[in-house]
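Here is the structure we will look at.
The values are calculated or read from the model by the stated rules, or taken from the named source; none is laboratory data. If you're wondering where the values come from, they're calculated on a predicted model, not measured in any experiment. Here Cβ is always computed from backbone atoms with ideal geometry, including for glycine, and neighbour counts include all displayed protein chains. Heavy atoms of the whole protein, side chains included, go into the accessibility calculation; ligands, DNA and RNA do not. Shrake-Rupley method; radii C 1.70, N 1.55, O 1.52, S 1.80 Å.
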Amino acid sequence: MLDHLIKGATVVDGTGAPSHVADLGIRDGRIALIAEPGTAGEAARTSEDATGLVLAPGFVDPHTHYDAQLFWDPYATPSLHHGVTTVAGGNCGFTLAPLHPDRPGDADYTRRMMSKVEGMSLVALEEGAPWNWHTFGDFLDALEGRIAVNAGFMVGHCALRRYVMGADAVGGQPTDDQLAAMERLFHEAMDAGAWGLSTTQSATHSDGDGQPVASRYARPAELLALSRAVADHEGTQLEAIVAGCLDQFDDAEIDLLVQMSVAAGRPLNWNVLTIDAAVPERVPRQLTASARARAAGGRIVALTMPILTPMNMSLGTFCALNLIPGWGEILGLPVPERIARLREPGVRAELLRRAGSKEAGVFRRLARFDRYVIGDTYSAANEGLSGRVVGDIAAERGLEPFHCLVEICANDQLRTVLWPMPTDNDPASWALRQETWRHEDVLLGGSDAGAHLDRMCGAPYTTRFLGDCLRGRRLVGLERAVQLLTDEPARLFGLRERGRIAEGYHADLVLFDPARIDAGPARLVHDLPGEGPRLDSRAVGIVSVRVNGVETIRMDEVTGAVPGTVLRSGRDTRTVSTR
């Protein structure tokens, strides 16, 4: 007997093949049959009529930071609402494990680092997770049996360094014995099911003390030694961030990424390829890394988002503006001194110059202060400004736009929420995206879901992209859009029997209304441990989400079921070789 029968759905199977109407039966967490409507020939405990609805494989998000959130939110919201049934965590070199058993202070260091570098609430990290693990296997075991999504995790290079080198991980170089110990620790993590190595060399990544994170001190020999260790384990990967990910790689960065992939014999993915027709040289330069990797026997895959993800800013708290060269020194000052310096014409002029310079890289996008929209305000002086464009207010007041923005923020003691409007929402940029998505080494994703919680909300990219494909720009057809969200990331990670609708595959399924599928607007909610804020977005048109055959979402509401699996390398992933 079938556990559940979905009747008359329009099946989009994830392979890119044309859709077809079929009945689909589920038994023991797997897809047991796919049959012509009305021909199932087997009874089912429950059933539903899906006429007019699309049935697709569950979406796979290749870049998240749900490592901590899953402890207090096993549903990985809002990703699960938007049809994501599998998430890849442990990215950018940052994980919560391993932790040295003789140094309890390392957990505090890790929490403060994650709060700073990934924009997670420190209170939520302290109160929402048990922190009762030491090995990476302990961490995976702590999640097993209590999550509603399937989740796999890379090992963060920073955690490996901290465990072996202690405080010397920041600023120091490992001895030969320490590097050997790091490799042993890494092997143990992969034996326990870790997906491979994640690392960062990006200048934007600093710890809770304001120092470069540990992996930024790693020299190529260390990175290559760990990459070679990946080759010894089935179903493993590499993920790496370098400074050039934000704009354009230099030759040394390309050489390093290529050498890492070749040493591991595994794909390496990086985040995120920003596509903007105003910078036409960026995409060819970034994809040069992929071409060089293939020529050398490796593979480098760029992640890119298929939507424009709104991101808010503030002059009062750490945000992307702090990452513009020269800005962090001013924005890191105490608030009264920060306001005073920002009101100095010379300081503003220098900040504007730095924001528009080549060294600002992709953050040059943030320099159009006339296009910022005022969000929440907190003073009588700013009453009525919420929702207005800074350029319009500046014209009324006879001020230069950045000066006007500073004065508005100063009235709120820098608490004002700012929403920069994207500069790459033009037809030429969308045409370039459409072309870039066809590249064999470009993968859709990079939501950062679980991180930067009160600043951005990338998790709804799946439903917003599908809505755009069906009723908006229609840059790709439905079948190809689903393939980009399901089978392609599943194949990159070597997921066993996931990413497609096929008999015998795990029943990770999304049922949605093609006439309505979309994402609602991002809104600020206070539902983190300690009532901290985060941006949330509800799905539109999602009827049902199933993970391993069990319904986890019905009409955009969680069911309370936690059928997710901690996906372990080898057991749940197969090797995707570059050779």
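From most to least packed by mean Cβ count within 10 Å, the peptides 243-256, 380-393 give 243-256, 380-393. Each Lys and Arg Cβ is given +1 and each Asp and Glu Cβ -1; about its Cα centre, the chain then shows a dipole of about 1040 debye. Projecting the Cα atoms of Leu140, Leu223, Gly504 onto the dipole axis of the chain, where Lys and Arg carry +1 and Asp and Glu carry -1 at the beta carbon, places Leu223 farthest toward the positive end. Each Cα pair under 8 Å and six or more residues apart adds its separation to the average, and for segment 1-155 the resulting relative contact order is 22 percent.
Annotation: amide H of Arg30 within the under-5 Å range of Ala507, sequence separation 5 or more or interchain, hydrogens built in the peptide plane. In the full protein context, the chain carries 35 Å² of accessible surface per residue, based on a 1.4 Å probe and ignoring ligands, DNA and RNA. Look at [x] 23.7, 78; [y] 24.8, 77; [z] 25.6, 88: the one that is Rg and Dmax of the Cα atoms in Å derived from this structure is [x].
Quick check for me: using +1 on Lys/Arg Cβ and -1 on Asp/Glu Cβ, what's the dipole size of segment 514-579 about its Cα centre, in debye to the nearest 20?
Once rounded to the nearest 20, the dipole reads 480 debye.
Per-atom-type breakdown for the chain gives carbon and sulfur 50% of the accessible area (1.4 Å probe, protein chains only). The charge dipole of segment 120-178, taken about its Cα centre with unit charges on the Cβ atoms of Lys, Arg (+1), Asp and Glu (-1) only, comes to about 160 debye.
Taking a sphere under 13 Å around the Cβ of Leu492 and counting the other residues whose Cβ falls inside, with K and R at +1 and D and E at -1, yields a net charge of -1.
In whole percent, what relative contact order does the chain give with Cα contacts below 8 Å and a gap of six or more residues?
Worked out over the chain, it gives 22 percent.
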